1. Anything in segment B:306-323 that is assigned to a helix (DSSP H, G or I), over 14 Å from B:Val395 (Cα atoms) and within 13 Å of chain A (Cβ to nearest Cβ)? List them, or say none.
2. For B:Val478, indicate whether it is assigned to a loop (DSSP other than H, G, I, E, B) and not assigned by TED's automatic domain parsing to the domain that holds B:Asn71.
3. Here's a check for you: in segment B:220-247, which residue that is of a type in the set (Lys, Arg) and surrounded by fewer than 22 Cβ atoms within 10 Å (Cβ to Cβ) is nearest to B:Arg507 (Cα to Cα)?
4. Of all residues being in a loop (DSSP other than H, G, I, E, B) and closer than 30 Å to B:Ser187 by Cβ in segment B:128-166, which is nearest to the other protein chains (Cβ to nearest Cβ)? Just the residue, please.
5. Any idea how many residues of segment A:399-410 are buried (at least 24 other Cβ atoms within 10 Å of the Cβ) and either facing another protein chain (nearest Cβ under 9 Å) or touching an Asp or Glu at 6+ places or on another chain (Cβ under 8 Å) (or both)?
6. Name the strands (runs of 3 or more DSSP E) wholly inside segment A:153-241 in which the number of residues that are surrounded by fewer than 24 Cβ atoms within 10 Å (Cβ to Cβ) and in the same structural domain as A:Val355 (by TED's automatic domain parsing) is 3 or more.
7. Can we say B:Arg45 is assigned to a strand (DSSP E or B) and either more than 14 Å from chain A (Cβ to nearest Cβ) or modelled with pLDDT of 95 or more (or both)?
8. Limited to segment B:305-331, what total is found for residues that are of a type in the set (Phe, Trp, Tyr) and crowded, with 24+ Cβ neighbours inside 10 Å?
Amino acid sequence: MAIYTKEEARKIMEKALSFSKADACEVNLNGSESGNIRYARNTVSTAGHRSNQTLVVQSNFGKKSGTATIDEFDDVSLEKVVRRAEELAKLSPENPEFMEPLGPQSYDESITFSEATANITPEYRAKVANSSIEPAAAKDVTAAGFLNDSAGFSAMMNSKGLFAYNKSTSANFTVTMRTNDGTGSGWVTRDYNDISKFDAAEASKIAIDKALMSKEAKAIEPGKYTVILEPAASIGLLGNMFGAFNARTADEGRSFMSKEGGGTKLGEKIVDERIQLWSDPLNSEVPTGTWNGSGQPLKKMKWIENGVVKNLSYSRYWAKKKGVEAVPFPSNGIMAGGDASLEDLIKDTKKGILVTRLWYIRSVDPQTLLYTGLTRDGTFYIENGKLKHPVKNFRFNESPIIMLNNLETLGQQVRINGNLIPYMKVRDFTFTSLSDAV
Amino acid sequence: MKRREFVQYAGLGAGALMVPSLMLGNNISAEALLAPGMDVAVKKRLADVALNTAKSLGSSYADARIGRYLNQYVFTREDKVQNVVNTESFGIGIRVITNGTWGFASTNDVSENGIKKATEQAVAIAKANSKIQKVPVKLAPVESYGEVSWKTPIKKNFKDVPVSEKVDLLLSANAAAMKNGANYVNSALFMVNEQKYFASTEGSYIDQDVHRIWPTFGVTCIDRGTGKFKSRQALSAPMGMGYEYMDGLDSEKLDGPAGIKLYRNSYDMVEDAALGAQQAKERLTAKSVEAGKYDLVLEPNHLGLTIHESVGHPLELDRVLGYEANYAGTSFATLDKWESKDFKYGSDIVNLVADKTQVGSLGAVGYDDEGVKTKKWDLVRNGVLKNYQAIRDQVHMIGQNESHGCCYSQSWNDVQFQRMPNVSLEAGKEKYSVADMIKDVEKGIYIAGRGSYSIDQQRYNFQFGGTVFYEIKDGKIVGMLDDVAYQSNTQEFWNSCTKICDESDYRMFGSFFDGKGQPSQVSAVSHGSSTTRFNGVNVINTGRTI
């Protein structure tokens, strides 16, 4: 069994620390059980199961630190791994940015574990695959999908008295449905902490419908269009924008968050004032652990309020150097939404394009956070409040900053990759060329 | 978020680098990297435990891969060493065909008992999945090679070079960059040794020792007044070589246009870092490109990535058949196009070859990860699509009976599958230099090094940036350009290829962490070419004001 209880984990880690002769020692114990099933061409292609446990020991002498790992936890092995970390620490060069381990902290109790997810069986996974394959085959559509689920724990303890423990589960599902004539493609993604919320048939049906609806797409001229972005379409750009919320690169002058003439954009309005972005490990829809790899407590934190940058993340080292409080990088992103459903947003659109997802997103210019990529698996032209016809996929070149300044309407929130993001209607989204890809 | 965390840790800046955490393995000392692995006779005995167990449980085929994966990574920034990582990962992966269905299991318990258990698990998975398997697996025949071995022909083993020497080299490169105007510089050195033992019920026992190396850096120059910042990445290539790649031999240097230096089989990191800082600084005031059609002159360290994305990936047979539909995508290069025997992938001078034997390349091995002797084959000849990349269980689907030998797994812990071999563009046959090429261009752009890259899921529409750009006017380089990206369609692009420089300019580009599959696996692959001209390509301006 790879998942230890809090007390089992504590016992192993206390034993490991008891062998330490270093100035300080920090141990991380992790374990997980994960399973997956992959299918394509309407049949299962691979399936697997993985179980692992690791103890990571970091010892330091002054600013010299060494790390060693082991997957056996008897006393002899524990002593061996601690000695190895100490040997490596003595051999390693000094790291001027080394930070002493934190002392005791208090953490909120997380809500990340679900028995239902932890109890997923190979039979359940096969059933999920079949919930895609059977209805697909009945509609002359081919399914290719992947379900991956895991249950695990992580724990941390150090010689300064810090102890943290968390148990969590997660499941991720994606399926691509392609019409057998090769002219239509649809896709859907779902992710959960608690798998009992998942309806594989319902999700698969959305992808099948999109595949059938996207057959024989028409080409329209690239250019600037009003778009309705499903959360799966905007998350890639938003995630990249979030990556720029880093105080150090901003202070160093090499980030979108750096300001002309020096300083950062902290406190400046960068996007439409309706944009509110925060992180919250205790949000019941997208819960995460309540501490990070440095042992820092994770709390609800505002990042953008009324379009203004409220916080940048500070590593412990950079915070000390700048004389400010450390601000840990968030473990999820939550963006305020509105009441409008996707249908409402479409109904209120005179001319526009509905985008299911964006794909192969790459940075073009970090100065302006310009990214390129393509639409995929369901792109539709909207006219007078109705989906008129499918359109050929586009390449875009756009910055999430420009996108959020061109906001028209925020719709309902949806969980996507562990974040909570609303449907968004945005004007003047820049498509620069057409793609023949289906 | 995981990737970003690692990028921060590596300090190379977003997008510069992706290192999957699973590549790291268990941390060991640099000295421990030198410890000999398990004796080959012991490996044979243990592999036979897997093969015999599988056979006794009714499997029609089995293979076992005992792998010891050793990595050493060094990370620095400016005058600081950020991290030195030495890791070892050791275990066995067992793959079986039972009831006509694949099963796979792996374990780090490389004892007879551990191997038996893992084999039983692989057989159990195969049996469970056989209930929903529609078509039984069919393997192309393969020769029984007996007991053989292969080694990357290295001159200097990275494990014999002290860490201090590597650290000194990176810090010297950083110092050269700072001296030449860089505000920030990060550098890294990745070194990999795969000790792989393969055995199968076909009667092959193959011991291989594979080496790869990748030195890289990123420099950033900042103009505080305007708030502008520009970076320049290294013009090195990851190679299937030993530490001799770091020697910086003059004989392997090429003079590019506008004073740039290019490197073949030996890399001068200090020189490149100094030039990198100068060029990053120059980018701050370089002319912003005027959008429009240009003739592009693409240097091999740039063109390699375009080959990778627009030729390498679309010709992977698993993509063509739909196995990757839910992740990487499918391919425009469908079977009917190949069957027509006259699909013009490119112009008549375009010859693209797949090659798992090329010396110094990342993909070079003696045998692939299912025991097939590696080879070289045509993908595109005289512009016409000739073949795909396929492995033992796929080739029958395209009417062939010999695997192409391009099966690979990133570790003992993951199942092997079809991966891209080195895919390269053959050099031009007549004598023709880069200087000759530039002289012949009226309105064009010379692009060196890799940059931003993006391509659709069927590999039609792509957009590429680069590391440095120079404007060509009436046969001459007239200055540096910035904000350049080109957009094209794969078939249109390769058919606009009008000229290829000769063999003397031929070099390899490489990708150290090419991702594919679910769960995702990485693989390393090289792409060779000489500088090549493409006419009338659409160039966009990527500058924006916010």
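The values are calculated or read from the model by the stated rules, or taken from the named source; none is laboratory data. Keep in mind that this is a model prediction, so the values were computed, not measured. Here the Cβ is made from the backbone with ideal geometry for all residues, glycine too, and neighbour counts use every protein chain on show.
1. Matches in segment B:306-323: B:Glu309, B:Ser310.
2. no
3. B:Lys228
4. If we take residues in segment B:128-166 being in a loop (DSSP other than H, G, I, E, B) and closer than 30 Å to B:Ser187 by Cβ, then B:Pro162 is nearest to the other protein chains (Cβ to nearest Cβ).
5. So the answer is 0.
6. It comes to A:224-229.
7. no
8. Qualifying residue count for the region: 1.
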